[in-house]
1. Select from N166, N146, N59 the residue whose mean-square fluctuation is largest in a Gaussian network model of the chain (Cα-Cα springs shorter than 10 Å).
2. Work from the charge dipole of the chain (Cβ charges, +1 for Lys and Arg, -1 for Asp and Glu, about the Cα centre) and give the residue of Q96, S34, S121 farthest towards its positive end.
3. What part of the accessible area of the chain, given as a whole %, is carbon or sulfur when the probe is 1.4 angstrom?
4. Determine the per residue accessible area of the chain with all protein chains present and a 1.4 angstrom probe, expressed in square angstrom.
5. Tell me the trypsin sites (Lys or Arg not before Pro) within the range 39-109 that lie in a loop according to DSSP and have at most 13 other beta-carbon atoms within 10 Å.
6. For the chain, how many pairs of lysine residues have a Cα-Cα distance under 30 Å, where the two are 8 or more positions apart or belong to different chains?
7. Equivalent-ellipsoid semi-axes (√(5λ), Cα gyration tensor) for the range 7-116, whole Å, largest first?
8. Dipole size in debye (nearest 20) for the range 53-169 around its Cα centre, Lys and Arg Cβ +1, Asp and Glu Cβ -1?
Amino acid sequence: MAGKGKGGGGGGSYAGTALMAAGAVSSAIGAFYSVKSAQYQAESQAMTLEFEQFMSYVNARNAEQDAQATLTAAEYESGKVGMQYKQIKEATRSRQAARGIQGGVGSAGEIAASIEFAKESDRMAITRNAVQAASAHRTRKTNIRNRGRFAGVSAANLRGTAGALNPWISSGMSLLGDAGGVAKMWREEKRSS
């Protein structure tokens, strides 16, 4: 067994180098898939944000439709109130005429003015409430759109990050880092044999 290194175990000493080299390759493969996983995760998050962006535009459009529907309903309600007060006004005039009261003069005029004031007051309240509700819907629309725009920017950033990650470079750097240790061990084993 002479000539096989110290202690006669020369073949066993190269096994350590081989195991260290296999570990370096395994580490490089792990680095490759670690970066690849990060790429997939970034792309997945980007797709989620792009979907959020799309849905925000749909929801913003719905918020605008809600605002328009609120204003339309207020116009209808205001017209309905106007017609109700017109009926009240006409019924009051008829009762006054049946009693022989001259319309538009004295207390009859004040009653007619009070009815007109009540009508306009109710219509203005309906309009004010509708404008406030529509404004709330439009504020919600703006907030939704802004969140959608932010999601779009974030998605673009994540896609850029995913594109910048290179699993081959990471794998190569890991292999190069471990190669020095393998070479040192091989040199020491070579000297001892």
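The values are calculated or read from the model by the stated rules, or taken from the named source; none is laboratory data. What you are looking at is a predicted structure, and each value in this text was computed from that prediction instead of being measured. We place every Cβ from the backbone using ideal geometry, glycine too, and count neighbours over all the protein chains shown. Note: accessible area is taken over every heavy atom of the protein model, side chains too, but ligands, DNA and RNA are not part of it. Shrake-Rupley method; radii C 1.70, N 1.55, O 1.52, S 1.80 Å.
1. Of N166, N146, N59, the Gaussian network model singles out N166 as fluctuating most.
2. S34
3. Here carbon and sulfur together make up 60 percent of the probe-accessible area.
4. Heavy-atom SASA per residue in the chain reads 66 Å².
5. Those satisfying the criteria are R99.
6. Lysine pair count for the chain: 9.
7. Details: eigenvalues 1788, 20, 10 Å².
They are 95, 10, 7 Å, listed largest first.
8. The dipole magnitude comes to about 280 debye.
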